[in-house]
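Notes follow once the structure below has been shown.
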Amino acid sequence: MKRAVVVPLIAAVALAGCAASTSPAWSYVPAPTDVAAASPGTAVHATAAAAAPAAAQELVIESFDLGFKPAQLSVPAAGTYPVTFMNTGSVLHDVTFADGTKLTAEAGQKATGQVVVPAAGIAFLCSIPGHSDAGMQGKVVVAGDAMAHESAAPITPPAAAGPVADPNAPAYVLYDPIAPKVLAGTVHDIDLPIIETDVTVAEGFVVHAWTFGGTVPGPVIRVHLGDTVHVHLTNQGAMSHSIDFHASQTAMNHQMVEIKPGETFTYTFTADYAGVWMYHCGTAPALHHIANGMFGMVIVEPRGGLPKVDDEFAFVQSEWYLGKQREPADYAKANQTAAAPDFVVFNGVANQYKDNPVQVKTGGRTRVFVLDAGPSTDSSYHVVGTIFDTVIKEGIVLAKGNASGWGSQAVDLAPAQGAIVEFTPTEDGMFPFVTHAFNFVTHGAVGIFHAGDGDPAN
């Protein structure tokens, strides 16, 4: 059986330098100290800097997804204390103290070490990207010392300043908007490596993205109804990831499993229903993994396929919540209940199809597969100057030539919803496409269909 490597040509990315690390936001810089990590089933002992004599009390800290229990511990006096760190969560966690002492444990494992607790107490967090912002913070206080309780308050990252463009940032790579052809045959083997890499998401702005296939969004997978799909994932990154295909029917704890760095997993599903579907990483916090680029589109064609048209395109709307240059997306910004993304984009890059208009045939049939990957904002997909005569949204069909003459001006999509729209440019000219939430148009959610020579006067 021939294996299809569904990675667009624009995904020619170097696989070196894929570390996905961000520095915890401490209220002061941690002092250097030895760091220990736990291998599965192994207790590891961390060496702390010399301080007061070792105390008899043991600090027992349990991590779960996504928190610590207890989040506050009390010790009778400053000193050096033994630490037992137990990870009862489903993914890798660590406990990193403000002096740099770090214990790491895989899911279901534990690690041991020791830490120096000063008179002012000491804060701790999980240093896995996004985990601290999601709530994995705590503190050790010295009993009877009011100042210690204040000094060891949970680590609160400073308010993020607005991102500043880097004039030396590399140019963005244009994402090919042309929808791929449906894969031949009925059984498909698809290689989909998990790659952590720098991606320019707008002019002057670079994100250290977590990706499927090296691009944001990941490659479009297009199959027929009833096909069997084997997706082979190898985690080439530095942290655990997973995948969830909305086109599949499978238990979460069956195939949506943790894929550790260096591991390979095959996710298998049958395309039981036609539609435009999302796939994404489901590793906690899923919001952070999606906001940092881990999503893509699956097209499942109905029985008999789709009618032939002149042009077909695939657009995925998503959001970027920027942190520092060349670091992952800012989880705290993405986690706000009132979403305020820095950019809202089609196919990963702000304004790329405004800068590079998409050519279509005047008088021809244009089909667009559109998906709102979110993670948090809706889409109102609209093409200025046209009317959609065909819309298939989440299985509901508005058919061309219907008896009552109905048409559509925009297709409304909540996060994870997909649709197919069709229209005909009636003359040469420019036909912008946007989300009709115009506050997001000014943040990058705009492109242009260029019909004919672009001049309606000709």
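The values are calculated or read from the model by the stated rules, or taken from the named source; none is laboratory data. Small disclaimer: the values here were computed from a predicted structure and weren't measured. Here the Cβ positions follow ideal geometry from the backbone for every residue, glycine too, while neighbour counts run over all protein chains shown.
Which of (1) surrounded by fewer than 17 Cβ atoms within 10 Å (Cβ to Cβ); (2) at pLDDT below 95 does residue 136 not meet, given it meets every other one?
Answer for residue 136: the failing condition is (1).
With (1) outside any strand (DSSP E or B); (2) in contact with a Leu (Cβ under 7 Å, 6 or more places away or on another chain); (3) within 20 Å of residue 295 (Cα to Cα) as the list, and residue 323 as the residue in question, which single condition is left unmet?
(2)
Looking at (1) modelled with pLDDT of 95 or more; (2) surrounded by fewer than 24 Cβ atoms within 10 Å (Cβ to Cβ); (3) more than 19 Å from residue 210 (Cα to Cα), which is the only condition residue 347 fails?
(3)
Could you say which residue among 101, 84, 88, 96 is β-branched (Val, Ile, Thr), farther than 18 Å from residue 260 by Cα and surrounded by fewer than 21 Cβ atoms within 10 Å (Cβ to Cβ)?
Result: 84 is the single residue among 101, 84, 88, 96 that is β-branched (Val, Ile, Thr), farther than 18 Å from residue 260 by Cα and surrounded by fewer than 21 Cβ atoms within 10 Å (Cβ to Cβ).
Check 284, 247 and return the single one that is in the same structural domain as residue 419 (by TED's automatic domain parsing), assigned to a loop (DSSP other than H, G, I, E, B), modelled with pLDDT under 95 and among the aliphatic types (A, V, I, L, M).
284
Considering only residues that are under 24 Å from residue 199 (Cβ atoms) and of a type in the set (Gly, Ala, Ser), look in the range 350-395 and name the one that is surrounded by the most Cβ atoms within 10 Å (Cβ to Cβ).
Within the range 350-395, the match that is surrounded by the most Cβ atoms within 10 Å (Cβ to Cβ) is 379.
Those residues that are among the hydroxyl-bearing types (Ser, Thr, Tyr) and under 29 Å from residue 341 (Cα atoms), I need them from the range 353-394; list them, please.
Our first condition is that a residue be among the hydroxyl-bearing types (Ser, Thr, Tyr); within the range 353-394, this holds for 353, 362, 366, 376-377, 379-381, 386, 390.
353, 376, 377, 379, 380, 381, 386 - these are the residues of the range 353-394 that are among the hydroxyl-bearing types (Ser, Thr, Tyr) and under 29 Å from residue 341 (Cα atoms).
Report, by residue number, each residue of the range 329-344 that is of a type in the set (Val, Ile, Thr) and either buried (at least 18 other Cβ atoms within 10 Å of the Cβ) or modelled with pLDDT of 95 or more (or both).
Once the filter is applied, which keeps residues that are of a type in the set (Val, Ile, Thr) and either buried (at least 18 other Cβ atoms within 10 Å of the Cβ) or modelled with pLDDT of 95 or more (or both), the range 329-344 yields only 344.
Within the range 425-449, can you find the residues that are more than 31 Å from the chain's Cα centre (by Cα) and either outside any loop (DSSP other than H, G, I, E, B) or surrounded by fewer than 16 Cβ atoms within 10 Å (Cβ to Cβ) (or both)? Break it down into steps so the answer makes sense when it comes.
Residues of the range 425-449 that are more than 31 Å from the chain's Cα centre (by Cα), as a first pass: 425-430.
Across the range 425-449, the qualifying residues are 426, 427, 429, 430.
Limited to the range 83-102, what total is found for residues that are polar (S, T, N, Q) and either more than 26 Å from the chain's Cα centre (by Cα) or part of a loop (DSSP other than H, G, I, E, B) (or both)? Break it down stepwise before answering.
Applying the first criterion (polar (S, T, N, Q)) to the range 83-102 yields 84, 87-88, 90, 96, 101.
Keeping just the survivors that are either more than 26 Å from the chain's Cα centre (by Cα) or part of a loop (DSSP other than H, G, I, E, B) (or both) gives 84, 88, 90, 101.
Within the range 83-102, residues that are polar (S, T, N, Q) and either more than 26 Å from the chain's Cα centre (by Cα) or part of a loop (DSSP other than H, G, I, E, B) (or both) number 4.
Looking only at the range 165-206, count every residue that is in contact with a Ser or Thr (Cβ under 8 Å, 6 or more places away or on another chain), part of a strand (DSSP E or B) and crowded, with 22+ Cβ neighbours inside 10 Å and tell me the total.
Number satisfying all stated conditions: 6.
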